[in-house]
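Below is one structure, written out as structure tokens; comments come after it.
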Amino acid sequence: MENLPKFSGTGVALITPFQKDGSVDYPALGRIIDYVIKGGVDYIVCLGTTGEAITLSSAECREILDFTIKHVDERVPIVAGFFGGNYTDKLEGILKTYNFDGCAGIMSSSPAYSKPPQEGIYQHFMRVADASPLPLIIYNVPGRTSSNVLPETVLRLSEAHEQFAAVKEASGVLAQSVEILKHCRNDFGVLSGDDVLATAVIAMGGHGGISVIANAMPVQFSKMINAALAGDLKTARQLNFDLLDVHPLLYAEGNPVGIKAAVSMLGLCGNHLRVPLVPLSEPLRETLRKRMSTVPGFQL
């Protein structure tokens, strides 16, 4: 497990807890941060998709990031999610002036909605890299952006600019991670963005995952990742099987609908989201509770 690339191991895509009135619940955010760090995560990703960043104002994003930096207090590294919709100029301009003190890296997705070709995605990320003061994680999530960052584009970017430190591969296509792993430079991290595929990605040479389920089950997910990185695939495989039936319910009505329900069951926060997302429906909530209770070593 030595000499792994930056941002290896378990990252958690942290949820943003809200009060019933929709305001950010900072005491709950502090409890969740403490919970996942105690549970063994290696770094925190703040203001990502799972953090409902798209529903937050610029002022709220600044406050949440500042709170997270202060509360983490250097216990683990922090990666800031930073997305620009489909407007590269705007993202580039903000990156040049934003204060990222206390952060170890930035995670950014490809442009959304506009569906650019691979050359457009390449030019977008190169401008982001030129503007970024910190190492970058390329976030490939075609289910959200409607444009797939192909392996050849990821490899081209990683060779063209040293600021690219890793890719969060959330296409759901294992072959894409394998293709990147075959050709990428040694210090470039390949991280699973799909929890259920994380063990398989590591078995093929990958370096970890940025997880949703680790908000609720950081111990189990971190143990799985650590076992896989140590080459103990038998243990990692069983831990993956233990979590397998929980994963679908986390996404059945959208993310972070399911994981917020799960974390609320632990008493760490309320089950509140911002419209257009709404709380997990009651039949699924009860099924989720039952499936979580069957995970070995986990207690609700």
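Values quoted throughout were computed directly from the atomic coordinates according to the rules given, and no laboratory measurement underlies them. Computed from a predicted structure; not experimentally measured. Cβ atoms come from the backbone with ideal geometry, glycine included; neighbour counts cover every protein chain shown.
Can you give the relative contact order of the chain as a percent, counting alpha carbon pairs under 8 Å and 6+ residues apart?
Taking the mean separation of contacting Cα pairs over the length of the chain, I get 20 percent.
Ratio of region 196-296's C-alpha Rg to 2.2 N^0.38 Å, to two decimals?
Here the answer is 1.12, to two decimals.
Scale the Cα Rg of region 9-243 by the rule-of-thumb value 2.2 N^0.38 Å and send over the ratio, two decimals.
Rg over 2.2 N^0.38 Å, computed on Cα atoms: 0.97.
Take the alpha-carbon centre of region 153-218, take the same for region 60-95, and report the distance between them in whole Å.
If we compute the Cα centre of each part, the gap is 21 Å.
Under 21 Å Cα-Cα from Lys223, which lysines qualify once same-chain neighbours fewer than 8 residues away are excluded?
Lys6, Lys38, Lys168, Lys234
Got a sec? How would Phe7, Phe125 order by Cβ neighbour count within 10 Å, fewest to most?
Phe7, Phe125
Return the lysines within reach of Lys20: Cα separation strictly under 19 angstrom, same-chain partners fewer than 8 residues apart disregarded; answer none if there are no such residues.
Lys260
How much of the DSSP bridge set in the chain is antiparallel, in percent, rounded to the nearest 5?
5
Among Ser192, Ser264, Ser211, which one shows the highest mean-square fluctuation when the chain is modelled as a Gaussian network with alpha-carbon springs under 10 Å?
Highest fluctuation of the listed residues: Ser264.
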